[in-house]
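The values are calculated or read from the model by the stated rules, or taken from the named source; none is laboratory data. On a predicted model such as this, the values are computed, not experimentally measured, just so you know. Heads up, the Cβs are rebuilt from the backbone with ideal geometry, glycines too, and the neighbour counts pull from every protein chain shown.
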Amino acid sequence: MTGPRPPAVRAADGLDRVISALNAGFVVLASVALLLMMLHVTAEVVARATGAMTLIGTLEIVSYYYMILLVMLPMGFVELRNGHIRVDLFVQMMPRSVQLALYLLSGVLCLVFFAIMLRQSFLDAWNATLRKETIMSNFIFYIWPSRWALPIGFFGLLIAVLANMLKAIRSGKAL
């Protein structure tokens, strides 16, 4: 039988649950965007095929909203499930301690890189919001709201990398 779990382990498990729930929420938002995109494009195809009309802005909405949400929001969720591409052909043959050290080193490099991406995408989204950024179209099409998908996605990815690193440290082996 195991005794009560130490407070540090309970806190780490709680942090894991919060990070997983947050990233699962991002996946739900991306799924909603996927459904809306399917409905929107289907409506456009039907409208054009019947000759009834064409939906103005379909290309812009799909390109600047749906696709951005689909790509950016689920990245942390994929990281939590170790779904990103990894090349570990030679690392598999190394001792477990070396595998862990390399995993943690790559995690630190990812944290630095994604923190830089988070900062820059936040600044870009902030500036786009201040300018009420638009694109040239047949109508005024605001794209500044979609700019916020990048910092949100990078935040989810950043905390997912951190959670995986903490799991690796607790387990004593690379994930």
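General observations
- Some residue of the range 136-150 being surrounded by fewer than 18 Cβ atoms within 10 Å (Cβ to Cβ) and of a type in the set (K, R): no
- Counted residues, the range 157-173 - those being of a type in the set (A, V, I, L, M) and more than 22 Å from the chain's Cα centre (by Cα): 1
- Considered as a group, the residues in the range 41-54 that are surrounded by 13 or more Cβ atoms within 10 Å (Cβ to Cβ) and out of contact with any Leu (no Cβ under 7 Å at 6 or more places or on another chain) include one that is nearest to L157 (Cα to Cα), and that residue is V41.
- Helices (runs of 4 or more DSSP H) contained entirely in the range 36-89, each with at least 2 residues that are under 30 Å from A168 (Cα atoms): 67-72, 75-80
Each row is one residue, and each column tells you yes or no for (1) farther than 27 Å from L55 by Cβ; (2) assigned to a helix (DSSP H, G or I); (3) not small (G, A, S).
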{"position": "L109", "(1), (2), (3)": "yes, yes, yes"}
{"position": "A115", "(1), (2), (3)": "yes, yes, no"}
{"position": "R119", "(1), (2), (3)": "yes, yes, yes"}
{"position": "F122", "(1), (2), (3)": "yes, yes, yes"}
{"position": "N127", "(1), (2), (3)": "yes, yes, yes"}
{"position": "N138", "(1), (2), (3)": "no, no, yes"}
{"position": "R147", "(1), (2), (3)": "no, yes, yes"}
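- Those residues of the range 55-102 which are hydroxyl-bearing (S, T, Y), closer than 23 Å to W148 by Cβ and either free of Cβ contacts under 8 Å to residues at least 24 places away in the same chain or surrounded by fewer than 13 Cβ atoms within 10 Å (Cβ to Cβ) (or both), in sequence order: T58, S63
- Residue check for M38: at pLDDT below 90 and either surrounded by fewer than 12 Cβ atoms within 10 Å (Cβ to Cβ) or more than 30 Å from S137 (Cα to Cα) (or both): no
- Cβ-Cβ contacts under 6 Å between residues 6 or more apart (or on different chains), taken from a first residue in the range 114-143 that is closer than 17 Å to Y65 by Cα to a second residue that is loosely packed, with under 13 Cβ neighbours inside 10 Å and of a type outside the set (S, T, Y), are listed as T134/I140; F141/I135; I143/I135.
- Pairing residues of the range 148-175 that are at positive phi with residues that are in a helix (DSSP H, G or I) and surrounded by fewer than 18 Cβ atoms within 10 Å (Cβ to Cβ), at Cβ distances under 8 Å and at least 6 apart in sequence or on separate chains, gives G172/R96.
- Residue match in the range 19-35 (condition: at pLDDT 90 or above, over 19 Å from L73 (Cβ atoms) and of a type outside the set (V, I, T)): no
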